[in-house]
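Read the structure below first, then the notes.
Please treat every number below as a calculation from the coordinates, not as lab data. What you are looking at is a predicted structure, and each value in this text was computed from that prediction instead of being measured. Glycine gets a Cβ as well: all are built from the backbone with ideal geometry, and neighbour counts include every protein chain shown.
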Amino acid sequence: MASDYTADTIQVLTLHEAVRRRPRMYIRSTDDGAGPLHMLLEIVDRAIDQIVLGRCTRVDVRIDADDFVTVSDDGPGIPAGSLVEVLERPSRPPTVDRHRPRFHLGLHGLGLAVANALSDPFEVDTVHAGEQATVAYAGGLRHVPLRVNAASRPSGTRVRFRPDPQIFQCMRVPRVELTRRLEDLAFLLPANALSWSFAGERATGLVARVRAEFPGPLGDVAHHQSEYATEHGPTPVEVALAWRSEPRGRPAQLLGYVNLQHMEDGPHVTGLLAGIRDFLQIRSERPLEGLVAAVAVRLADSEYGRQTMSPPIHSSVYSAVKEATSTALQRWAERAPEDADALRRRVKAGEPDESSKGQPGRRPRRPR
């Protein structure tokens with residue numbers, strides 16, 4: 001009743017408490033790479049803003065194998081007296097020096113405070129006006145106090161963080177999407193202003209390509225690579241596919257390659273889909289929800305009608321890819337029988353009833 005409504009019933013949260021209690025209100029998600037990507041772009045946003053203002057000439061982004069991310073710049077740094085406020089409170093006004101940024105790379109332009117609240121650790125080392133300030137946080141709480149000393153290096157800021165495993169099911173920043181975003185920015189900024197690197201040897205093969213397309217929770221990747229007889233002669237075929245752990249409402253991502261060219265349509269793609277349907281013994285497209293798949297074929301002595309045309313693909317490639325897909329899925333089912341049974345149950349539960357089987361299924365969206 002009204003008498004029960006007192007000051008004791010009102011909860012006043014600090015920023016880090018509010019962000020950690022409802023993280024999806026501030027970033028896109030916590031169960032795939034979209035959240036860590038958003039956090040990284042918020043940090044890059046601050047540095048890019050300094051480039052736009054002519055105060056910074058270089059921004060470097062590095063991702064280590066253990067999911068630690070480092071963003072460094074040679075900008076003016078953050079004043080030591082404002083550093084704690086910048087890291088613990090939303091920027092009001094948007095930046096410390098009271099100018100308004102020209103644009104935001106993240107969804108809301110919330111600055112460093114939200115990324116800090118969702119990281120463990122979150123470390124900042126900045127030099128401004130001859131002073132070097134360092135501080136470290138865990139889950140938005142300071143665990144290494146602010147230290148200020150005379151600087152022995154030029155101005156600039158280094159932010160090192162890792163998404164908090166208590167918040168994120170997937171802490172890995174998606175390399176493919178990040179590269180796309182940074183490449184777009186690099187074209188719009190002065191030459192050599194933006195660089196990025198990912199630690200570890202470059203992964204190869206379609207299994208790595210599938211995992212790079214969606215670095216969140218995927219089931220074990222079904223994979224097969226072999227050579228098949230087609231009208232083109234001996235034809236190397238490779239397929240790799242997996243389903244997201246939460247597929248509902250997520251359209252399929254299909255990647256098709258012919259002689260190293262990206263081709264979204266053709267017998268190689270329809271053969272892949274046919275192999276999936278045969279394995280699952282279904283006709284609808286519903287089981288394609290949550291699918292991440294890639295197929296690559298290499299055709300010997302392809303003839304081109306003119307220089308810009310894609311290589312013609314004989315229909316016999318359809319059968320080869322279908323067989324390769326079936327083999328990949330059968331071996332996957334033997335290796336992970338529980339996952340295969342769960343997929344079949346989900347497919348069976350999602351099959352349309354008899355009155356709707358004649359209706360066309362939703363066409364899967366392919367990446368642009």
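General remarks:
- Highest mean packing first, where packing is the average number of other Cβ atoms within 10 Å per residue, the peptides 33-45, 131-143 line up as 33-45, 131-143.
- Mean Cβ count within 10 Å, highest first, over the residues of peptides 162-169, 144-151, 291-298: 291-298, 162-169, 144-151
- Normalised alpha carbon radius of gyration of the stretch 15-198 [divisor 2.2 N^0.38 Å]: 0.95
- Each Lys or Arg adds one and each Asp or Glu subtracts one; over the other residues with Cβ under 15 Å from the Cβ of GLN330, this totals -1.
- Cα convex hull volume per residue for the stretch 1-83 (Å³): 178 Å³
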